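Here's the structure we're looking at; comments come further down.
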Amino acid sequence: MNKFSKTDKCHQTNKLMTCNEKLFKQNSIASCIILLLFFTSFNAIAQTPITLEKSFDVALANNAVLKNEKLRTEYQQKLIKSSVNIPATNILGEYGQINSSYSDIRLGLSQNISFPKVYKRQKELLTEELKSSVLNLGIQELKLKRQIGHVFYSLLYLQEKRELLQKADSLFVEFKKKSPLRFKAGESNILEKTTADNQRGQIALQLSQLEQDIEIIQLQFQLLLNSETSFIPIKNNNSGFSISVIDSLRSVSHPEIQYWNQQQQIANAVTKLEKSKLSPDFTFGYNLMGMRGMGSDDKIYNSSPRFHSIQIGLGIPIFNAAQKAKIIAAKTNESITANDFQIKQKDFETGYKSALMQYEKFEKAVKYLEDSSINKAAIFTSAAKQQFLSGEINYLEWVLLMNQATQIQSDYIEAIKNRNISLTELKFYLIK
């Protein structure tokens, strides 16, 4: 009795320990699931979905480079008031034997001013530079949108590729679990088991590298938006965007072409300003003098200031060789800016044609995959699963079909990414 009681107690103790271990494992698993759900929900809350158009609005308001360009425009706006830069007024005082042996006193002031045309030309030059700054701000906005489009669609592509690999991973995990059982039952060989392990490892490696790529592109996206909020891109519809042919006359209205044309206007304004500096300068003065002794009117005066005079002078640039050299240099710069305009206009038209051909190429690729291949991926996946379960194909054949289906889907999302990026590039040229 006692012996059996001890044995029963031992069994009860072992059962209790086994139950405790199971309970501990269940609690651990439950805790891990709760923590996983917590961090998943935290990341979902921390990251805010955003469309491409909304990301433009955020970047235009927050981007640091764009803010700096706006400050440059304000600087040029305020600089216009400096066009009339009159030199400092000279105040003179004189004491000594000016008119006789007595010591007299004389006070005076004088002011030099340039010919009025000089101030007019300076204002014209500053105004043209302001126009250039405004145009450059518009160009930077367009370039920023183009950068955001590239990063936006690249990040969206990586997210979709991650989803695709995760779906493939779940399928391989499911069949990988069955592989050891099939191997023990003699339904498969060592090659099938090794292939299952290898496929699972390759997908895990791709997912790991993909996560790092996403983090890198995400950092670039946040830098462009310059916002404390962590944004993630969501799909938007590009349908309805019409591609219109652009000619050389319409290209002139693009901000980038207008900017290079404005450089010609600035160069022309510089030449006019340098020419105006050959005009004479003016000097205006006023004097107040005191005198002691007998004046010409036979009156005796003390030294208190009472005599007035004005002074008018004309500064003629006789030694103007240096100024004429500046004029010649300014005319040469006009030729340079004219050539630059022609070069930039041709580059712009070439860039537009290249962007249009790229878009048409990727648009055809997307339509081809949608019409002929993408639907086959689902058929491959469904048929391969049924045939494998029914024993019509082996694991190696199933892997081949699954890889083919995954590759088709991967090609499709990559074609969409390339189409969207090329569309972003094309929109840069079509904006007027």
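The values are calculated or read from the model by the stated rules, or taken from the named source; none is laboratory data. Just so we're clear, the structure is a prediction, and the values are computed from it rather than from any experiment. Positions of Cβ are backbone-derived with ideal geometry, glycine not excepted, and every protein chain shown enters the neighbour counts.
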So how many residues does segment 131-166 have that are of a type in the set (Phe, Trp, Tyr) and closer than 27 Å to residue 72 by Cα?
0
Just checking, does segment 169-185 include any residue being buried (at least 17 other Cβ atoms within 10 Å of the Cβ), at pLDDT 75 or above and in a helix (DSSP H, G or I)?
yes
Taking into account only those residues within segment 102-126 that are polar (S, T, N, Q) and surrounded by fewer than 18 Cβ atoms within 10 Å (Cβ to Cβ), which is nearest to residue 310 (Cα to Cα)?
110
Candidate set from segment 388-414 (those that are over 18 Å from residue 173 (Cα atoms) and at pLDDT below 80); member that is surrounded by the most Cβ atoms within 10 Å (Cβ to Cβ)
393
Any residue at all in segment 370-377 that's at pLDDT 95 or above and either crowded, with 17+ Cβ neighbours inside 10 Å or not in a helix (DSSP H, G or I) (or both)?
no
Considering only segment 250-306, state which residues are of a type in the set (Phe, Trp, Tyr) and surrounded by fewer than 19 Cβ atoms within 10 Å (Cβ to Cβ).
282, 284, 286, 301
Looking only at segment 381-393, decide whether some residue is of a type outside the set (Asp, Glu), assigned to a helix (DSSP H, G or I), more than 36 Å from the chain's Cα centre (by Cα) and under 26 Å from residue 235 (Cα atoms).
yes
Being under 44 Å from the mean Cα position of the chain (by Cα), among the basic types (Lys, Arg) and under 30 Å from residue 265 (Cα atoms) is true for just one of 367, 376, 326. Which residue is that?
326
Does segment 253-275 contain any residue that is touching a Gly at 6+ places or on another chain (Cβ under 7 Å) and either in the same structural domain as residue 420 (by TED's automatic domain parsing) or at pLDDT 80 or above (or both)?
yes
Here is a check on your reading of the model: is residue 335 modelled with pLDDT under 95 and surrounded by fewer than 12 Cβ atoms within 10 Å (Cβ to Cβ)?
no
